[in-house]
Every structure is written in C-alpha cells, then in structure tokens.
Amino acid sequence: MSFLMPFQFPLTYICVSNFFVLGILKFKKRGKDFWAEFELYLADLLVGVVVNVAFVGMLAPYARIGQPSLSKGAFGRMQNAYAALPSSVFEAERPGCRFSVKQRIATYFFKGVMYASVGFACGLIGQGIANLIMTAKRTVRKSEEDIPVPPLLKSAALWGVFLAVSSKTRYQIINGLERLVESSPLAKQVPPVAMAFTIGVRFANNIYGGMQFVDGARWSGVQ
C-alpha cells in the first residue's frame, strides 16, 4: 500500500461519502421536512467532518522514537501509561513495540473518553453555528413550517454519547479488519484489494452509523 493509504485516503473518502450518505438518509427519514430542517443537515455535516478528522488521526499508528519527556509524580505515571497504549485496539506490534491484552482493553475505554470529549466539543460548536443561522433566519422571515431550534447542550451530549459508544466501537473494528486485509498475501500482491475493501467497509459503516444517529436524534427529541 502507498504511504497515503493509512490516513489521507480513508479520511478523504469518509468526508466525501458522509456528504452524500448523510444527505440521502436525512431526506429519506424526513421526507418533505428535509428542506425545512436543512440547517440541521449542515450542522451534522460540519460536525461529522471535524469528528472524522479526529477519529482517523487518533486511530492512526504513530512513530515512537526515544523516550518521551514526562512529568514527575502521579501525572507523570499517567503520561507514561498513556504513551504505552496502542493507538487503536488492533494496532499491529512491531520490533520493540509490544502491547498486552490489558493495554488493548484500556485503549478501548480510553478512546471512548477521548471520542466523547471530541463529540461534545464538536457538537457544541457545530450545533451552535446551526442554531445561530436558524435564529437569524427566523428573525428575518418567520414561517409556519419552521422547526424548533434544537437544544444546544442536549445536541452536544448526543454527539458525545454516540461517538463514545457506537462510533468508537465501529471504527476500532474497521481498523482491525483493514489491518488484516492489508497484511494478507492477496493484498500484498494486489494492493487495490485493500483499497477496495476500505471503500466497501467504510461505505457500509457510514450508512449504518448515519441511520443510527438519525434515529437516535429523533428518539431523543434533539432533531
């Protein structure tokens, strides 16, 4: 595989496919209300782009060169424990870089905390922008078809929970499956096989994840 495969290719593909998948799913779920709720689609799209950049970056393996500069005391021990964790649950081991089962399990839960933080922050910003647009639009022109402005904190909390539970698990599994395919004899002989697998599995993940989020947003009363 080329150098761009582990990061730029999945990231570009996810962002582009999210644009179409999220739009189609929302239109299918909302029907004639889609255009009245177009600001919600833009907000979800904006948050999704930022979140995907964070996701792919947090799961990408990184170089471990030398010993990191650590603080003393309890904070230093926390830094040391974090530095020893794999970037993802299924990160491949390399010479001088081994991971125990406990470290991989810890990574799963630690990434959940990170994803929840990223989701809440991005949801706060994205939904905040959408709410400002919706409020300004209603100030200029009110309509009976206007939907209520979604609650900001509740929307951000939904993003945090969704990312920490659903997205985290799905991305970890996908990362592991891609690793297996890329290391297979067939993919080494025919590199496009791994790229085709990435396209297929991430497209399916986008559809499933998008359906989950839209249903969750409606069930929670956020959208």
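The values are calculated or read from the model by the stated rules, or taken from the named source; none is laboratory data. Just so you know, these numbers come straight off a predicted model, no measurement behind them. All Cβ positions, even for glycine, are placed from backbone atoms using ideal geometry, and neighbour counts span all protein chains on display.
Tabulated data for the structure shown
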| read-out | value |
| --- | --- |
| Qualifying helices (runs of 4 or more DSSP H) (wholly inside region 145-223; at least 2 residues being surrounded by 19 or more Cβ atoms within 10 Å (Cβ to Cβ)) | 152-162, 168-182, 192-220 |
| So Arg138, is it charged (D, E, K, R), without any contact (Cβ under 8 Å) to a residue 60 or more places away in the chain and within 23 Å of Val47 (Cβ to Cβ) | yes |
| Check on Ile105, assigned to a helix (DSSP H, G or I) and at pLDDT 85 or above | yes |
| Residue within region 134-150 that is within 22 Å of the chain's Cα centre (by Cα) and farther than 20 Å from Val165 by Cβ present | yes |
